[in-house]
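Student: I have a structure here, written as structure tokens, and I will follow up with some questions on it.
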Amino acid sequence: MTYQEAKALLESKGQEQLLKYYDTLDDAAQKDLLRQIENLDWSLFDALAHKGQTSARGHLEPLSAMEVSEIAAKEDYFRAIGLEAIRQGKIGAVLLAGGQGTRLGLDKPKGMLNVGITKTMYLFEILIGNLKRVTDAAGAYVPLYIMTSEKNNDDTTAFFAEHNYFGYPADQVKFFVQEMAPSVDFNGKILLEEPGRISLSPNGNGGWFSSIHKAGLLPEMHERGVEWLNVFAVDNVLQNIADPVAIGATLDGGYTSSGKVVRKADPDERVGVLCLEDGKPSIVEYYEMTDEIRNTRLENGELAYNFGVILNYLFRLDCLENILANNMPIHVVDKKIPYLDENGQLVKPETPNGCKFETLVVDMVHMMDDCLPTEVIRNKEFAPIKNLHGVDSLDSARELMRENNIEL
Ligand code: UTP
């Protein structure tokens with residue numbers, strides 16, 4: 001793309017600010033900026049018009065979970081099925097580590113956070129430890145695919161190498177990089193983070209499977225005989241990964257997907273709830289719930305929409321491949337985005353100053369034919385670290401780890 005073409009394009013889109021420093025750049029940087037402009041995905045911008053509006057929902061109905069007591073009654077049976085599937089190589093695990101952890105305010109990958117107090121216990125290390133508990137019991141490894149972003153890939157891969165993959169075999173670990181999307185200010189203007197660099201951020205956690213596909217990892221999954229992927233977040237220190245009991249329950253019931261859920265603490269808890277929408281599994285976010293949905297109770301007094309998701313899902317690989325061509329809905333999310341101000345100075349804002357475009361893994365659940373919610377005991381399996389203090393924080397996660405007799 002030439003300068004003239006870029007200028008005309010940007011003028012037609014109201015984004016001329018991207019060329020403000022063009023004349024100050026050297027040749028290579030000018031070419032690079034033109035390449036970035038050429039690569040912009042303008043279709044994302046349609047989503048800006050609908051920002052803040054929740055898309056119309058279909059007919060919602062409660063979806064009952066397999067509750068803790070039901071799982072406990074068949075635990076050994078389910079575990080045996082799950083361990084056998086692992087031994088047969090049917091299970092892969094996908095760690096979503098492409099996020100930027102802006103709420104935590106780290107300037108390195110979230111997984112490098114040291115959760116320990118008297119000893120070092122990195123988030124990545126804890127997750128690998130949780131996975132190893134299962135692979136030791138199975139006597140077989142689960143291939144681990146780690147999604148990073150362009151922003152944190154080098155740090156993440158170097159960290160794993162430096163720590164010897166925390167005792168997991170390096171040949172069982174594959175990294176892949178997710179795609180990026182431009183960030184905009186609240187007026188929809190694309191931000192620059194350097195005079196010749198458009199502000200790009202990871203495009204949300206919903207693109208993980210298409211990024212696996214683009215990274216060319218599907219043939220090797222098939223060669224290994226992987227039939228299921230357990231996808232999970234980087235920040236829940238207590239989660240069971242490749243949990244043989246949940247795998248067993250899903251396989252035994254003939255489901256195409258399942259999601260770990262926790263019982264809501266109260267009707268107003270801010271979690272997305274797994275339910276049915278027009279007969280298909282779906283996750284309704286807390287801000288989309290009407291009072292009626294929030295408060296409806298079953299005859300036994302329990303909330304009808306009672307089970308919140310914790311970002312730990314199991315998907316059948318062939319079903320994921322079938323939905324590869326589907327467009328994921330784009331969410332416009334307010335975030336703190338470093339940017340160049342009108343004087344060309346880099347500003348790192350303390351409060352959200354713009355928006356990022358993200359696709360979300362929750363939307364993938366709605367593309368499945370069915371999904372089994374498997375209930376887990378909150379205090380044993382759910383300790384996400386989103387903030388340093390307060391709700392879902394390093395403090396609360398440490399408290400829960402202590403409660404579970406984990407030495408810090
Ligand atoms: P969150 O939505 O909590 O985002 O991610 P985050 O980036 O960790 O933190 P904030 O919102 O900026 O404070 C949930 C999971 O999805 C992953 C994260 O790494 C985390 O495991 N994720 C999120 C990605 O892999 N890519 C993304 O673009 C966004």
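The values are calculated or read from the model by the stated rules, or taken from the named source; none is laboratory data. This is a predicted model, so every value here is computed, not measured. A quick note on method: Cβ atoms are made from the backbone with ideal geometry, for glycine too, and the neighbour counts reach across all protein chains shown. Surface areas here come from the heavy atoms of the whole protein model, side chains and all, with no ligands, DNA or RNA. Shrake-Rupley method; radii C 1.70, N 1.55, O 1.52, S 1.80 Å.
Student: Which length gain, in nm to one decimal place, applies between Ala265 and Lys13 when the Cα-Cα distance is subtracted from 0.36 nm times their residue separation?
Tutor: Value of the extension gain: 86.1 nm.
Student: Kirkwood Rh and Cα-based Rg: tell me the resulting Rg over Rh for region 216-333, rounded to two decimals.
Tutor: Result: Rg/Rh = 1.00.
Student: Something else: Step through the table entries Lys174/Lys260; Lys110/Lys189; Lys119/Lys335; Lys132/Lys280, compare each Cα-Cα distance with 30 Å, and write down the pairs that go over it.
Tutor: Lys119/Lys335; Lys132/Lys280
Student: Roughly what % antiparallel, to the nearest 5, for the DSSP beta bridges in the chain?
Tutor: 65
Student: Sticking with this one: Rg and Dmax of region 1-118 over Cα atoms: what are they, in angstrom?
Tutor: My reading of the Cα-based Rg and Dmax gives 25.4, 70 Å.
Student: Here is a further query. List, largest first, the extents of the alpha carbons of region 185-260 along their principal axes, each in whole Å.
Tutor: So the extents along the principal axes, rounded to whole Å, are 55, 30, 21.
Student: Inverting the mean 1/r over all pairs of different Cα atoms, compute the Kirkwood radius of region 1-54 and quote it in Å.
Tutor: Taking the inverse mean of 1/r over all distinct Cα pairs, region 1-54 comes out at 12.3 Å.
Student: Shifting gears a bit: What is the Cα coordinate range of region 55-124 on the first, second and third principal axes, sorted by size from largest, in whole angstrom?
Tutor: Result, largest extent first: 43, 42, 26 Å.
Student: So how far apart, in nm, are the two label points at Met1 and Phe186 if each is 7 Å from Cα heading toward Cβ?
Tutor: If labels sit at Met1 and Phe186, their model points lie 2.8 nm apart.
Student: Beyond 30 Å, what percent of the Cα pairs of the chain remain?
Tutor: 44
Student: Subtract the Cα-Cα distance of Ala29 and Asp154 from 0.36 nm times their separation in residues, and report this length gain in nm to one decimal.
Tutor: In short, 42.8 nm is gained.
Student: Please give the Cα centre distance for region 1-54 versus region 119-139, rounded to the nearest Å.
Tutor: The distance from the Cα centre of region 1-54 to that of region 119-139 comes to 44 Å.
Student: Please work out the FRET efficiency for the pair Ala140 and Asn326, using the Cβ-Cβ distance as r and a Förster radius of 22 Å; give the result to the nearest 0.05.
Tutor: So, using R0 = 22 Å, E works out to roughly 0.10.
Student: Give the Rg (one decimal place) followed by the Dmax (whole number) of region 130-276, computed from C-alpha coordinates and expressed in Å.
Tutor: Rg and Dmax of region 130-276, Cα atoms, are 18.5, 56 Å.
Student: State in Å² the accessible area per residue of the chain; use a 1.4 Å probe, count heavy atoms of protein chains only, and round to the nearest integer.
Tutor: 46
Student: When the accessible area of region 212-270 is computed with all protein chains present and a 1.4 Å probe, what percentage of it is carbon and sulfur?
Tutor: Here carbon and sulfur together make up 47 percent of the probe-accessible area.
Student: Run through all the Cα pairs of region 295-408 and give the fraction in each 10 Å bin from 0, expressed as whole percent.
Tutor: 10, 23, 29, 27, 8, 2, 0
Student: Size of region 245-308 along its principal axes in angstrom, Cα-based, largest extent first?
Tutor: 35, 24, 21
Student: Report for region 116-259 the percent antiparallel among DSSP-assigned beta bridges with both residues inside it, nearest 5.
Tutor: 55
Student: Is the C-alpha gyration tensor of region 343-392 telling us rounded, prolate or oblate? Criteria: a/c under 1.5 is rounded; beyond that, a/b larger than b/c is prolate, otherwise oblate.
Tutor: oblate
Student: Hey, quick one: spin label on Lys214, modelled 7 Å out along Cα-Cβ, who in region 157-198 has an amide N within reach, i.e. under 13 Å?
Tutor: Only 176-182 fall inside the zone, counting backbone N under 13 Å.
Student: Excluding residues on the same chain fewer than 8 positions from Lys108, give the aspartates and glutamates whose Cα lies under 20 Å from its Cα.
Tutor: Filter leaves Glu125, Glu150, Asp154, Asp155, Glu162, Glu179, Glu193, Glu194, Asp235, Glu350, Asp392, Asp395.
Student: A follow-up question, please. Report the normalised scattering of region 85-210 as log10 I(q)/I(0) at q = 0.22 Å⁻¹, calculated by the Debye formula with identical scatterers on the alpha carbons.
Tutor: For the requested q values the scattering log ratios are -1.34.
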